[in-house]
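The values are calculated or read from the model by the stated rules, or taken from the named source; none is laboratory data. Quick caveat: nothing in here was measured; it's all calculated off a predicted structure. Here the Cβ positions follow ideal geometry from the backbone for every residue, glycine too, while neighbour counts run over all protein chains shown.
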């Protein structure tokens, strides 16, 4: 699900950016590492890179019902979905600083006009994704510096967004439970 969520956001953002007519290049937004796994610089220029920065479990979401009725009258126990928030870093990798700022502004404008994704406003969204909300993640100068230090490259114009909430769920049954067919209540007088 994470891949499909990030892929949809990157492709939809790319369509938005390309439609602004600043350039003839059909690909301005791309999912990519900011540094190659071997530590070398990514060979990219004049694009906005989207990179998964962090994943965290959402603990404040109500749990779904764990038992579901089966057609045979019994019940199936299913594990609860894992609800995730994840952070996407949008980095404007342009030779000219002024161009980087233009494209970074387009990223922010895109999420300002479309902060919420569901099947109604995002028909190409994977059917396993109910909804996502994107909010800019405010970062202090210290945290911003730490972000780029952890990436292993010099800071470039970028913005961090928190994407809430993606549920990872399978329909696999953990165990079957027989239905209760009768009750026996016994009382005892003292």
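Listed by position, the strands (runs of 3 or more DSSP E) inside region 1-89 whose residues that are at pLDDT below 85 and more than 17 Å from residue 162 (Cα to Cα) number at least 3 are 67-69, 75-77. Considering every residue within region 125-136, establish whether at least one is outside any loop (DSSP other than H, G, I, E, B), at pLDDT below 95 and in contact with a helix residue (DSSP H, G or I) (Cβ under 8 Å, 6 or more places away or on another chain). Yes, because at least one residue in region 125-136 is outside any loop (DSSP other than H, G, I, E, B), at pLDDT below 95 and in contact with a helix residue (DSSP H, G or I) (Cβ under 8 Å, 6 or more places away or on another chain).
Scanning region 90-124 for residues that are more than 19 Å from the chain's Cα centre (by Cα), in a helix (DSSP H, G or I) and loosely packed, with under 15 Cβ neighbours inside 10 Å yields 97, 98, 101, 105. Restricting to region 125-142, name every residue that is more than 18 Å from the chain's Cα centre (by Cα) and either surrounded by 12 or more Cβ atoms within 10 Å (Cβ to Cβ) or closer than 22 Å to residue 109 by Cα (or both). Within region 125-142, 139, 140 meet the criteria.
Take region 148-161 and flag every residue that is surrounded by fewer than 18 Cβ atoms within 10 Å (Cβ to Cβ) and at pLDDT 85 or above.
From region 148-161, those surrounded by fewer than 18 Cβ atoms within 10 Å (Cβ to Cβ) are 148-150, 152-156; that's our starting set.
If the condition is that a residue be surrounded by fewer than 18 Cβ atoms within 10 Å (Cβ to Cβ) and at pLDDT 85 or above, then 148, 149, 155, 156 are the ones that fit.
The residues listed here are 118, 70, 46; of these, the one that is at positive phi and in contact with a strand residue (DSSP E or B) (Cβ under 8 Å, 6 or more places away or on another chain) is 46. Inclusion of residue 33 among residues that are within 25 Å of residue 3 (Cβ to Cβ) and surrounded by 12 or more Cβ atoms within 10 Å (Cβ to Cβ) is warranted.
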